[in-house]
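Undergrad: Dumping the structure here so I can ask a few things about it.
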Amino acid sequence: MPGLEDLYREIILDHYRSPRNRGELPTPPALSAEGFNPLCGDEVVLYLNVDADGNVTDVKTGGQGCSISQASTSMMSAAVKGKSITEARQLITAFKALMSIHESKLEGADATAATEEAIAGVRLGDLEALQGVVKFPVRIKCATLAWNTLAQILDESESA
Amino acid sequence: MSIDLAAIRSEFPLLKRQINGKRLVYVDSAATSQKPQSVLDAMDNYYTTQNANVHRGVYTLAEEATSAFESARARTAKFIGAQDPHELVFTRNATESINLVARTWGYQNLRDGDVVVLTEMEHHANIVPWQMLSAERGIVIRWIPITADYRLDLSDLDALLDGASLLAVTSMSNVLGTVNDIEKLVAAARSAGAKVLVDACQSIPHDPVDVVAWGADFVAFSGHKMMGPTGIGALWARRELLEEMPPFLGGGEMIRDVRKDGFTTNDVPWKFEAGTPAIAEAIGLGAAVDWLSAVGMENIASHERALTAYALEQLTSAFGDEITIYGPPTAEGRGSAVSFLFNEIHAHDISQVLDEDGVCVRAGHHCAKPLMRVLGVPATSRASFAIYNTFEDIDALVEALHKAKTFFAR
């Protein structure tokens, strides 16, 4: 039985109480998207400034939700700020792998190997504190909401 | 008459479970109730001794299955005060019942500019079917607002109902616990010439309900919130309305005759029951209303009122300003759903920590997002009680909230 301390690590509560990069950016030029978790009502609003070279120069976040969704949003904003879009995409893949979410359905040793491969070479830093969420399956959606919203912005910007 | 709570609890096998090594404290009956052994046995008995399709065969098994299925309909109809068992249509749940009305009566009677009046405290099940009709048919939706004390604001009721075709209203809010005065609302709707649909999901399991005394036209409810299984619900409607309404889904059972150039429909209620129905679940629902009747709805209402009063009092006295209860502050004119915000801790986090102590509360928007927006909160925690809950369950809830407070204050 995983304990609550596995889920609510100190660093998560710190990001929840003092979220980084809260605010808005003028759109345009900023890219923006809203994410909803229809099961529980968590909301995330993201603003991204991306320069001509494809670097994320600024990130702001809004929305409301549980500690896991809001801490994950805060950590995500800190992790992608200053990164290139390519690096941001690697972070999305690595973070989702950390949450045991893979492009194809994998189980057991294959899933572990795929997780290790996706995470290899990506500096997750504070984000690793969210690893405990995986033991609480219903909360995985809370943790991935901000990342799915980020992916949505990147997809929309590329198709535009 | 008093009830033997220990005996009642012993009839619910699931209540013997432990969660995380703790006694299960199930206070989420507004989401779904637990099931007594008699309901489980009734369904098991059907599958082990009577399983056959209904309304088809002439052999003994088919006869018994049909008889058990139709008997369940008759007992369920009687339980809600219906005069005629054929006014009760079996559906999957209240959501399907309301969609049935929107898709049949609504399509037949509502078009551009026709008005459906809802309230701000409706469940999505009684909002979205009408919004779909609005998008497709151009009907207009008006909203009865709520007051600062979480009741319907009826000050402009006559104006809101003026020219309306339908009032669709919950008899008890699944979030606020507020019990609405259906007879009064029906009277106002009648004066305006509007039909009335009542979402009775939260009333039928907890209070004596008489659909004839209500005077409504349509009443929708789900089996699984009233000690019955999932997958079965019902729509009660006045017979003349059912006769006039076009069929819902097409297929077997709902027809009288089919030729290459068309079909004719079966009698009510089977006209609305295409395909093989949820036979075991209907029989389970029949056993559930038998169980509720044996305990007595007055006894159930009285025990739950005492639990609700105790919960409101304990939560308020233990936590004062640290807790905000969204709903009427006393047990008068309200049911047992108690929604709250606690110490600015998000409802999900509360629910997660309470689960450590085996306490099951609902967290989220309770499928009532328009109401949550009116309240200005993204989510609440909700405890809700049934006949099998005890005062100790409420003490356990309060104790677990103390622990949540300590945990998030670290």
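Undergrad: Mean Kyte-Doolittle of at least -0.5 plus a Cα span of 30 Å or more along the axis: flag which DSSP H helices in chain B meet both, please.
TA: Values: long enough: B:297-319 (32 Å, 0.00).
Membrane-span-like by this criterion, though nothing is claimed about a membrane: B:297-319.
Undergrad: Per residue of A:64-75, what is the mean number of Cβ atoms on other protein chains within 10 angstrom of that residue's Cβ?
TA: Values: counts 4, 6, 12, 6, 4, 2, 1, 0, 0, 0, 0, 0.
Counting other chains' Cβ atoms within 10 Å and averaging over A:64-75 gives 3.
Undergrad: Rounded to the nearest 20 Debye, what is the dipole magnitude of the protein assembly as shown about its Cα centre when Lys and Arg each give +1 and Asp and Glu each give -1 at the C-beta?
TA: Values: 49 positive and 74 negative charges, 59 e Å.
So the dipole magnitude of the protein assembly as shown works out to roughly 280 debye.
Undergrad: Another question, then. Summing +1 for each Lys or Arg and -1 for each Asp or Glu, what net charge is found among the other residues whose Cβ lies under 14 Å from the Cβ of B:Leu5?
TA: Details: positive: B:Arg9; negative: B:Asp4, B:Glu11, B:Glu304, B:Glu392, B:Asp393.
Taking every Cβ under 14 Å from that of B:Leu5, the sum is -4.
Undergrad: OK, next. Sorted by average packing, counted as other Cβ atoms within 10 angstrom per residue and highest first, what order do B:372-382, B:200-210 take? All intermediate terms of the calculation are to be shown ahead of the outcome.
TA: Working: B:372-382: 19.7, B:200-210: 23.7.
By packing density, highest mean first, the sequence is B:200-210, B:372-382.
Undergrad: Now for a separate question. Give me the net charge for the shell around B:Glu96: Cβ to Cβ below 13 angstrom, other residues only, Lys and Arg +1, Asp and Glu -1.
TA: That sum, taken over residues with Cβ under 13 Å, equals -1.
Undergrad: Still on this structure, please answer the following. Given A:Lys60/A:Lys83; A:Lys135/B:Lys22; B:Lys369/B:Lys405, which pairs have Cα atoms separated by over 22 Å? Could you put the intermediate results ahead of the total?
TA: Details: A:Lys60/A:Lys83 14 Å; A:Lys135/B:Lys22 20 Å; B:Lys369/B:Lys405 26 Å.
Pairs exceeding the cut-off: B:Lys369/B:Lys405.
Undergrad: Less than 13 Å Cβ to Cβ from B:Pro145, Lys/Arg counted +1 and Asp/Glu -1: what total charge do the surrounding residues give? Display every interim value, and only then the final one.
TA: Numbers: positive: B:Arg142, B:Arg151, B:Arg373; negative: B:Glu120, B:Glu122, B:Asp149, B:Asp153, B:Asp156.
Net local charge, B:Pro145 excluded: -2.
Undergrad: Moving on. Would you please put B:215-221, A:70-76, A:45-51 in order of how densely packed they are, using the mean number of other Cβ atoms within 10 angstrom per residue and starting with the highest? Walk me through the numbers on the way to the answer.
TA: Values: B:215-221: 25.3, A:70-76: 28.6, A:45-51: 19.9.
Averaged packing, sorted descending, gives the order A:70-76, B:215-221, A:45-51.
FYI, it's all coordinate maths here, none of it is from the lab. Please read all numbers here as calculations on a predicted model, not as lab measurements. Here Cβ is always computed from backbone atoms with ideal geometry, including for glycine, and neighbour counts include all displayed protein chains.
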